[in-house]
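These notes are about the structure you will find just below.
Each reported figure results from applying straightforward, stated rules to the coordinates on display, with no laboratory input. Owing to the predicted nature of the structure, the values given are computational and were not obtained by experimental measurement. Cβ placement follows ideal geometry from the backbone for every residue including glycine, while neighbour counts extend to all protein chains displayed.
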Amino acid sequence: MSIDIDNCRIIDLSLPIDENMPFEPFPVKASRLGHKSGIHHLNRTLIFNKNFSMKQKVGFLMGYLFKGRKFGLEDFPDNEFISDEQISCSVHTGTHVDSPFHFGTRCMGQRAKSIEELELKHFMGNGVVLDVTSVKPGAFIKTDDIKRSCKTIGYEFNPGDIVLIRTGASKLWGQKEYFFRFPGMSRDATEYIVDHGIKLIGTDALGFDRPYGVMIDEYFKTGDRGNLWPSHFFGREKEYYHIERLNNLDLIPDVRKFVFCGFPIKILNVGAAWMRAVAIV
Ligand SMILES: [Zn+2]
């Protein structure tokens, strides 16, 4: 298999992980070692590195204090050292994929898989975008909406396809509304897609299910547990994975002719992981 790199275009379907997002439920924290300030960290590390033996530490300290064994910016080209950044945020920040472990400890009677256990072959394949932008924020995306969208573009599911649900909600990214104005997949619609041999489904909305506020209100009004994360909990019955917070689905020129590619970052024992998702057209 080969890809004609010169004649294909890569469309970025990902949202950034951004410490300046005003409305993240779990704000992103970034601590940055700049090209100049990093030098102090380097000198400290030389002396206080916990992996060094006491003898080595004393040796480095003596060298630092009495023999000028310390770094200054002049030791590096252009008077700049290298940078480092530490980012702290939820694994559900930015474009990411949820694994069965997020849905519960068990899936189909077995121990639910965490991110690093998912087979990578499920994260690259023929993609399709289903337009459900007519479904109102807060409402369920129903099986009929999926069927209608398939019919409009003359598409039939093929096992292994990667199905991307376009709600239009990514247009609100950067605004407060992004967190509560989107429709969510009904359990039946999710099951309908998964039953066609689809393992990976994505949405351009914040969440795969309806907004928290809507689900919680309806649950306390009706007592019906079916209102609470129905698609997430469906993932305990049949194994599938969903991507949340996709972007730019409207930029894919032919919604039936592209290769989707996006791999979860290999973090161990977690229920979700960040993804750089792209469409290759
Ligand atoms: Zn998630």
Taking the 0 to 90 degree range and rounding to the nearest ten, how far is the long axis of helix 54-66 tilted relative to the main principal axis of the chain, both from C-alpha atoms? 60 degrees
Using only Cα atoms and rounding to the nearest 10 degrees, what angle (0 to 90) does helix 143-152 make with the longest principal axis of the chain? 90 degrees
Between the Cα axis of helix 212-222 and the main Cα principal axis of the chain, the angle (0 to 90°, nearest 10) is 50 degrees
Of all DSSP beta bridges located in the chain, what percent are antiparallel, nearest 5? 65 percent
What translational diffusion coefficient, to the nearest whole µm²/s, does region 65-123 have by Stokes-Einstein, given a Kirkwood radius computed over alpha-carbon pairs, a temperature of 20 °C and 1.002 mPa s viscosity? 131 µm²/s
Length-normalised contact order for region 73-204 - Cα pairs under 8 Å, 6+ apart - percent: 24 percent
Just from the alpha-carbon atoms, what are the Rg and Dmax of region 1-69 in angstroms? 22.5, 61
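Over the chain, what number does the Rg to Rh ratio reach, with both radii from the alpha-carbon atoms and Rh per Kirkwood? Could you put the intermediate results ahead of the total?
On the way: Rg = 23.6 Å, Rh = 21.3 Å.
Taking Rh as the inverse mean 1/r over Cα pairs, Rg/Rh reads 1.11.
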Lysines near Lys70 by alpha-carbon distance under 25 Å, same-chain residues fewer than 8 away left out - which ones? Lys36, Lys50, Lys55, Lys57
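Pairs Lys121/Lys151; Lys199/Lys257; Lys142/Lys221; Lys29/Lys171; Lys121/Lys171: which exceed 26 Å Cα-Cα? Show your work: numbers first, answer last.
On the way: Lys121/Lys151 28 Å; Lys199/Lys257 19 Å; Lys142/Lys221 21 Å; Lys29/Lys171 24 Å; Lys121/Lys171 30 Å.
Check vs 26 Å cut-off fails for Lys121/Lys151; Lys121/Lys171.
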Where q = 0.17 Å⁻¹, what log10 of I(q)/I(0) comes from the Debye formula for region 71-227, counting one point per Cα? -1.14
For region 235-279: relative contact order, % (alpha-carbon pairs under 8 angstrom, 6 or more apart): 31 percent
Counting each DSSP H run of 4 or more residues in the chain as -39500 (n - 2.57), what helix-only mean residue ellipticity at 222 nm follows after dividing by all residues, to the nearest 500 deg cm²/dmol? -6000 deg cm²/dmol
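For Glu156 and Ser83, what does the FRET efficiency come to when R0 = 30 Å and r is the distance between their Cβ atoms, rounded to the nearest 0.05? List each step's numbers first, then the result.
Working: r = 49 Å, r/R0 = 1.65.
Once rounded, the FRET efficiency stands at 0.05.
For Leu73, what charge total do you get from the other residues with a beta carbon under 11 Å from its beta carbon, if Lys and Arg give +1 and Asp and Glu give -1?
Once all neighbours under 11 Å are counted, the net charge is -3.
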Note down the magnitude of the dipole of the chain about its Cα centre, charges +1 on Lys and Arg C-beta and -1 on Asp and Glu C-beta and zero elsewhere, to the nearest 20 debye. 960 debye
Please name whichever of Asn247, Ala273, Leu228 sits farthest to the positive end of the charge dipole of region 194-275, dipole taken about the Cα centre and charges placed at Cβ: Lys and Arg +1, Asp and Glu -1. Ala273
So which trypsin sites (Lys or Arg not before Pro) in region 177-281 are both in a DSSP loop and have at most 15 other Cβ atoms within 10 Å of their Cβ? Lys238, Arg256, Lys257, Lys266, Arg276
Per-peptide average of other Cβ atoms within 10 Å, ordering 200-212, 15-27 highest first: 200-212, 15-27
Can you tell me the length gained on complete extension of the stretch Glu237 to Lys50, counting 0.36 nm per residue apart and subtracting the Cα distance? 62.7 nm
Dipole of the chain [Lys/Arg +1, Asp/Glu -1 at C-beta], most positive-end residue of Ile141, Leu42, Met108: Leu42
Place a +1 charge on the Cβ of each Lys and Arg in region 30-157 and a -1 charge on the Cβ of each Asp and Glu, then give the dipole magnitude about the Cα centre in debye, rounded to the nearest 20. 600 debye
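Could you work out the relative contact order of region 132-281? I mean the mean sequence separation of Cα pairs under 8 Å and 6+ apart, divided by the number of residues, in percent. Write down the numbers at each step before the final one.
Values: 245 pairs, mean separation 34.2, N = 150.
Rounded, it is 23 percent for region 132-281.
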If the viscosity is 1.567 mPa s and the temperature 4 °C, what translational diffusion coefficient in µm²/s does Stokes-Einstein give for region 176-281 when Rh comes from Kirkwood over Cα pairs? 85 µm²/s
Overall Cα dimensions of region 7-116, principal axis frame, Å, largest first: 64, 40, 37
Isotropic mean projected area of the C-alpha convex hull, region 235-277 (nm²): 4.2 nm²
Quick one: of the DSSP bridges fully inside region 148-281, what percent are antiparallel, nearest 5? 35 percent
